[in-house]
Amino acid sequence: MQARLYFLVLIILTFLVSSVSLAGESANVGEAKASVGTSLYHIKLAEHYEKESKEMNAKAEEQRKMLEEYEEHSEYYGRAGQEFHSHHEALLREYTKAAKQNEDMAAAHRKMAK
């Protein structure tokens, strides 16, 4: 009687231990899949920020050209020229700042992807 009980308990413990080890293995597989998904997500974000940075640099370059034109021919602008100049300087500053922030975010996400 005790031998049967002993073997029954042994079989139950064997099944419990094997199911726990299988659950642990599936959790590791899940973590691996999640890390791959997360890595791809960060790569996509980095690409997005790089694209935004290029757009901001293009806009900043456009503002820079407008300012150069103004400085070469400021006499054409009259009284509104000073407002034009300060407005486009502010835009240049903001676009440059946004481009730098996007570059930093892209670099951070590239680092997270690794």
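The values are calculated or read from the model by the stated rules, or taken from the named source; none is laboratory data. Quantities reported herein were computed from a predicted structural model and do not represent experimental measurements. Ligands, DNA and RNA are stripped out before the accessible areas are found, and what is left, the full protein with its side chains, is counted by its heavy atoms. Shrake-Rupley method; radii C 1.70, N 1.55, O 1.52, S 1.80 Å.
Observations on the structure shown:
- Solvent-accessible area, 1.4 Å probe, carbon plus sulfur percent, for the range 39-113: 52
- Legend: residues M56, M112, M105, sorted from most to least accessible area (1.4 Å probe; ligands, DNA and RNA excluded), read M112, M105, M56.
- Extension gain, K114 to K51: 0.36 nm times the residue separation minus the Cα-Cα distance gives 20.7 nm.
- Here the convex hull built on the C-alpha positions of the range 39-113 has a volume of 56 cubic angstrom per residue.
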